[in-house]
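Read through the structure below, which is laid out as structure tokens, and then see the notes.
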Amino acid sequence: MTHSRILISDSLSPGVADLLQGAGFAPEFRPDISRSELLGRIGDFHVLLVRSKTQVDAELLNKAAQLKVVGRAGAGVDNIDLDAATHKGVLVMNTPGGNSISAAEHTLALLLGLARRIPLADTSMKQGQWEKKKFEGTELLGKVLGLLGLGKIGSEVSKRARAFGMTVVAYDPYISDKFARELEVQLLSLEEVLARADFLSLHLPLGDATERLVNDDTIQKMKPGIRLINCARGGLVDEEALMRALASGRVAAAALDVFQQEPSTNFGLIRHPNVIATPHIAGSTQEAQEKVGFEIAQQVIDYLRDGVVRNAVNFASISSREFEQISPYLELGEKLGSLLGQISRIRVGEVGIRYYGELALLNYKPVSSCILKGLFRAMGIESVNMISAFNEARERRILVTETSSSRERGFRNLISIQLRNEARMEWVEGALLHRGNLRLVSVDGIGLESPLGKFLLFIRNQDQPGVIGQVGTLLGNNGINIANFTLGRHEERGEAIGVVSTDSPLSPELARKIRELPAVAFAATARLDWS
Ligand code: NAD
């Protein structure tokens with residue numbers, strides 16, 4: 001496909017055009033192209049490469065009669081209308097992780113900056129001082145670095161910290177033991193990491209579960225005199241609580257690259273003598289910029305030459321006939337995967353997916369991708385998409401097995417998903433009764449039948465009377481309308497599972513009250529309301 005015409009409409013590194021030329025393409029490098037010229041000419045191109053300036057919106061896509069691929073040099077795709085692109089059959093690729101090394105190195109710079117108080121010593125010298133005593137530092141050797149989040153950046157930080165002779169411990173409920181072992185990182189609970197860390201560095205996404213994770217409460221659980229680094233997202237830290245902890249000395253010092261509000265005007269924090277502040281630059285290096293340009297060019301070359309799809313953020317091409325057959329099951333797969341991710345209590349080493357009945361005869365690979373996407377998103381890995389899902393599993397050393405059987409198990413189609421590790425296993429099964437009617441039909445081998453509604457409450461309890469009444473009363477008293485209440489039980493094991501579908505989400509407070517009911521052994525809420 002070297003006849004494919006490629007337009008680069010943003011300022012990617014000029015080397016990118018050379019790389020494409022070397023591969024036999026003749027890209028047009030037009031970083032200054034105006035919007036009106038772009039609208040007039042986009043119809044001539046098969047590939048569009050952008051950074052963040054070009055708005056790839058519905059208006060542009062509608063004029064792009066021949067466009068096959070949009071490549072974004074960078075992670076976010078805010079400037080691309082993904083729905084419109086998918087609708088037009090245009091593959092969108094990005095380069096997640098292109099700045100991971102830069103972010104990891106900045107974290108190390110801040111770590112050393114904190115240990116040796118370099119910015120303050122520099123300021124003092126610039127003021128004509130020579131304060132050797134004041135700036136006595138701390139060695140890293142033998143100190144404990146606690147990482148919250150051991151993904152792309154956290155794992156790179158761990159390797160570098162190990163080279164300094166630090167002991168690295170991490171809290172990340174969603175990565176496999178094997179992955180951590182390979183990094184020589186000890187996986188611990190959040191409380192244990194907080195209690196053991198001399199330095200604590202955040203590398204997890206911002207979401208409902210992680211917002212203000214560093215707060216008055218969690219700071220109390222930290223080792224007194226801890227040093228904190230945040231190169232992830234500002235919202236992970238309650239800045240007021242941090243100010244209090246710096247004032248009391250509970251937190252000895254903090255290095256922050258990201259802030260609750262950006263640009264930050266929290267000068268009380270920024271100017272605090274024990275704070276090192278940088279303006280969200282952890283991922284900004286010349287190399288990272290070049291790398292994302294080269295990465296996207298190489299991805300486009302691989303796609304055009306060999307049909308290899310990497311880091312696509314929307315749907316990969318399967319034949320339209322196959323897509324038509326399989327598309328009703330995509331939602332079932334994603335919802336089951338997400339549900340399992342939200343209610344499961346195990347560290348995943350393996351995901352086993354089995355298709356039954358008519359599904360066994362179809363190209364079910366896209367359903368597996370949706371299952372993994374739902375699962376990983378529920379685990380807080382927001383950057384994952386359908387196309388990157390298998391790769392994400394590989395990188396986390398999570399083994400994915402897919403099997404099928406044309407045998408029908410009470411339903412014309414059935415998807416069974418198991419999460420396993422060496423010690424335990426949890427699983428859910430679901431079926432599509434007819435289009436749009438999705439059912440959860442068993443949990444851990446206990447049969448039940450519940451609609452996969454938007455808001456679910458999942459309960460495990462000992463099989464005893466009264467549970468429905470107690471839960472129902474609590475929900476009713478708190479104004480939560482029950483759409484469906486299903487109970488399944490395993491007589492021999494004396495276990496029962498309840499799934500309540502509600503019209504609105506439960507507050508964390510109400511979920512806590514349900515957990516505290518004597519008859520309830522375990523309760524978790526799940527939201528399946530993204531579509
Ligand atoms: P990643 O998705 O590779 O890793 C995130 C890790 O956090 C995953 O392993 C996930 O399992 C874990 N996680 C999710 N929820 C968790 C929870 N509740 N508790 C503990 N661990 C949890 O992401 P990444 O590329 O390593 O990025 C990490 C963070 O750094 C993100 O917030 C990202 O936005 C930020 N980032 C900042 C900059 C910058 O310039 N400052 C640059 C790049 C990325």
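The values are calculated or read from the model by the stated rules, or taken from the named source; none is laboratory data. Treat the numbers as computed from the prediction; the structure is a model and nothing was measured. As a convention, Cβ positions derive from the backbone with ideal geometry for all residues, glycine included, and neighbour counts pool all protein chains shown. Only protein heavy atoms, including side chains, enter the accessible area calculation; ligands, DNA and RNA are left aside. Shrake-Rupley method; radii C 1.70, N 1.55, O 1.52, S 1.80 Å.
Heavy atoms of the protein chains alone define the surface here; on that basis the chain has 45 Å² accessible area per residue at 1.4 Å probe size. The accessible surface of the stretch 316-445, taken with every protein chain in place and a 1.4 Å probe, is 46 percent carbon and sulfur. Given axes a ≥ b ≥ c from the Cα gyration tensor, I'd like to know whether the stretch 439-486 is rounded (a/c under 1.5), prolate (a/b larger than b/c) or oblate. Oblate is the answer for the stretch 439-486, as a/c is 1.5 or above yet b/c matches or exceeds a/b. Simple spin-label estimate for A23 and K133 gives 6.3 nm between the two label positions (7 Å along the Cα-to-Cβ direction from each Cα). Largest accessible area first, the residues M425, M243, M379 order themselves as M425, M243, M379 under a 1.4 Å probe with ligands, DNA and RNA left out. Over 32 Å apart at the Cα level, from the set K178/K513; K152/K513; K68/K365, are K178/K513; K152/K513. Annotation for D444 and S405: the two label points, set 7 Å from Cα along the Cα-Cβ direction, are 2.2 nm apart. For A483, nonlocal amide neighbours, meaning residues 5 or more places apart or on other chains whose placed amide H falls under 5 Å from its own, are S501, T502, D503. Checked against a 26 Å cut-off, the cross-linked pairs K63/K373; K221/K373; K133/K159; K134/K223; K126/K291 give Cα-Cα distances beyond that limit for K63/K373; K221/K373; K133/K159; K126/K291. Taking all protein chains together and rolling a 1.4 Å probe, I468 ends up with roughly 80 Å² accessible. Specify whether the C-alpha gyration tensor of the chain places it in the rounded, prolate or oblate class, a ≥ b ≥ c being the square roots of the eigenvalues: rounded for a/c under 1.5, otherwise prolate if a/b is larger than b/c and oblate if not. In terms of gyration-tensor shape, oblate. Within the chain, the longest segment free of exposed loop sites, counting chymotrypsin sites (Phe, Trp or Tyr not before Pro) that fall outside DSSP classes H, G, I, E and B and have at most 10 other Cβ atoms within 10 Å, spans 131-529.
Sequence gap at least 6, Cα distance under 8 Å: using those rules, report the relative contact order of the stretch 121-235 to the nearest whole percent.
The value is 26 percent.
Ignoring any ligand, DNA or RNA, what whole percent of the accessible area of the stretch 100-277 comes from carbon and sulfur when the probe is 1.4 angstrom? On the stretch 100-277, the fraction of accessible area on carbon and sulfur atoms equals 52 percent.
Shape of the stretch 207-326 from the C-alpha gyration tensor: prolate (a/c of 1.5 or more and a/b above b/c, with a ≥ b ≥ c the square roots of its eigenvalues). Counting protein heavy atoms only, the stretch 453-531 has 49 percent of its accessible area on carbon and sulfur, 1.4 angstrom probe. Per-residue extension of 0.36 nm, minus the Cα-Cα distance of R424 and Q220, leaves a gain of 70.2 nm for this segment. Magnitude of the charge dipole for the chain, about its Cα centre and with charges confined to Cβ atoms of Lys, Arg (+1) and Asp, Glu (-1), is about 680 debye.
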